[in-house]
Structures are given as C-alpha cells and as structure tokens.
Amino acid sequence: MKFLFYSFVFLLMNLQIKIGHAQELTAQKVLVTEAKIQGGSFELHRYEGDGVENLSSSSGLGFAVAGGSLKEIFTKLWPDYEFKVSRKFDKNSYTLRINYTTALDKSILDQIWNLLGQHKDFSATISSVSLSGNCLKVISSQKLERHVYIPKNGVIKKDESNRSHIHLDGYDLVSLANKFNQYGQLGRFYLDEDKNKGSYSFRLKAQTLDTLRESLEPYGLSFQSCTKTIVSYELK
C-alpha cells in the first residue's frame, strides 16, 4: 500500500511540474516587418502557436510599445483617429514597438501605415470619414479649477477606473475624452482643443450617457451631440 501511495504522490508531483512548465511556455514571436522612418523606426511582431503572449503596453523617452489586436494597438497609440481592421487579422495578437526622436504624432502613423500597405500581407488605405458622437465642452472654468490635480507622493498620473466608474488623477481634458472612448456604452467623444491645459482629478459615473452628464456637472463640463470629420485608417 505504501508503495502505491508513494507512486501516486510521485506521479502527481511530476504532473504538476509539467503543468507548470506548460504554463510558462510563450507563444512564438515572429517578425512581420521592420523599417526606418523619418524620425525613428518601428518593428511589428506577430505571436503564433500556443503559450503566453506579452501584450503589455509601455512608453518612455523616445519609445512606445503596445500589444493586442492590430486595432487595439493603433487605437491605444493614436486614439484621435478611426481604425478599421479586417477580422481576418483577429486570429493573431501583435506587438508594435516604435522608436522616435520627435513626437508620436500623425506623421509617424502615416509613415507606418504606408509601409504596411507595401507589405504582402496587408492592404492599407487612408481616407476621411464623418462620424457622429459627443463633443465635450467646458461650461464653467471656475468649477473645473476646483478639481486641479496636485501630485501626491510623486504620482503625476493615475487611473483607477473600472467598468462603470471613471477615477482619474492628473488627466487633461483631451485624455478625459479619450478615456470615454474606451467605454462602449458611451459612444465616441471628441474635444477640439484643451484650452485649459491643466491636469485634473475626476470621479465620474460611466454607466450611461445620462449618469455621465450628471456627474460631469460639478466639474463644469458637459457634452452635446455633434458630427466630426476625422481621418480613417483601414487595413485589410
């Protein structure tokens, strides 16, 4: 009986070790394309096979890295534009690394997009599209200034939002509008220009447009329906 017991324990331990090793396996990272651009360079990788994929995003002085689907990657890095990506690319995850010496602006995006269009796997186009959404606006600068963020313990910016509430510290109004765009139930938001140029703390309810409008009132903010013509990037 003892022999059977110890044999069972031995087999169980080996099984756990094998499972642990399997969990540590990473998906194969394959280079799709890389190129130098004016003001920097970029690399696009695709993950293939079973295993863990490193889809984290990070940025620093002169570089930015984003992971996920192609649409998620470009939306994270350039939230002011519209991206339409064919579903055939959804079966894989990607990571994009950009090194730049100027700014991560539209000119960088345009160069990357045009180079993707020259790749055998992609057909990339750039056009303009009119989209309906909501325009965020300041209705009381006095109320807004009551919520200026003063950094605490060296924290310049913080996001503790969840699916129904938005908790932000150190965010300007452009970043706030972009944050709204991450909530599907709110639709698309726009802000033409952040004339305040300040950083604020926000505690908002994001369940519906009505709850958002109500919670914006103490900040001297509101929004109204509008139509904007924006640049649309399509990949198929």
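Filter region 1-50 for residues that are under 30 Å from residue 98 (Cβ atoms) and modelled with pLDDT under 80; which is least open to solvent (accessible area, probe 1.4 Å)?
Across region 1-50, the extreme among qualifying residues is 25.
May I ask you to list the residues in region 105-132 that are polar (S, T, N, Q) and open to solvent by less than 70 Å² (accessible area, probe 1.4 Å)?
Passing the criteria: 107, 111, 123, 125, 127.
Go through 113, 78 for me and flag whichever is under 26 Å from residue 173 (Cβ atoms), within 19 Å of the chain's Cα centre (by Cα) and either modelled with pLDDT of 95 or more or not acidic (Asp, Glu) (or both).
Being under 26 Å from residue 173 (Cβ atoms), within 19 Å of the chain's Cα centre (by Cα) and either modelled with pLDDT of 95 or more or not acidic (Asp, Glu) (or both) holds for just one of 113, 78, which is 78.
Within region 57-74, track down each residue that is among the hydroxyl-bearing types (Ser, Thr, Tyr) and more than 18 Å from residue 91 (Cα to Cα).
Scanning region 57-74 gives 57, 58, 59.
From the set of residues in region 198-218 that are assigned to a helix (DSSP H, G or I) and among the hydroxyl-bearing types (Ser, Thr, Tyr), which is most open to solvent (accessible area, probe 1.4 Å)?
211
Take residue 231 and tell me if it is in a helix (DSSP H, G or I) and under 26 Å from residue 70 (Cα atoms).
So residue 231 does not fit the description; no.
So which helices (runs of 4 or more DSSP H) stay within region 62-164 end to end and still have 3 or more residues that are in contact with a strand residue (DSSP E or B) (Cβ under 6 Å, 6 or more places away or on another chain) and not basic (Lys, Arg)?
70-77, 106-117
Residue by residue, here is whether (1) in contact (Cβ under 8 Å) with a residue 40 or more places away in the chain; (2) in contact with a helix residue (DSSP H, G or I) (Cβ under 6 Å, 6 or more places away or on another chain) holds:
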| site | (1), (2) |
| --- | --- |
| 35 | yes, yes |
| 44 | yes, no |
| 54 | yes, no |
| 96 | yes, yes |
| 104 | yes, no |
| 117 | no, no |
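Of the residues in region 165-197, how many are outside any helix (DSSP H, G or I) and open to solvent by 70 Å² or more (accessible area, probe 1.4 Å)?
The number of residues fulfilling the criteria is 5.
The values are calculated or read from the model by the stated rules, or taken from the named source; none is laboratory data. In this text the structure is predicted, and so the values were computed from the model without any measurement. All Cβ positions, glycine included, derive from the backbone under ideal geometry; neighbour counts span all protein chains shown. Side chains included, ligands, DNA and RNA excluded: accessible areas come from the protein's heavy atoms. Shrake-Rupley method; radii C 1.70, N 1.55, O 1.52, S 1.80 Å.
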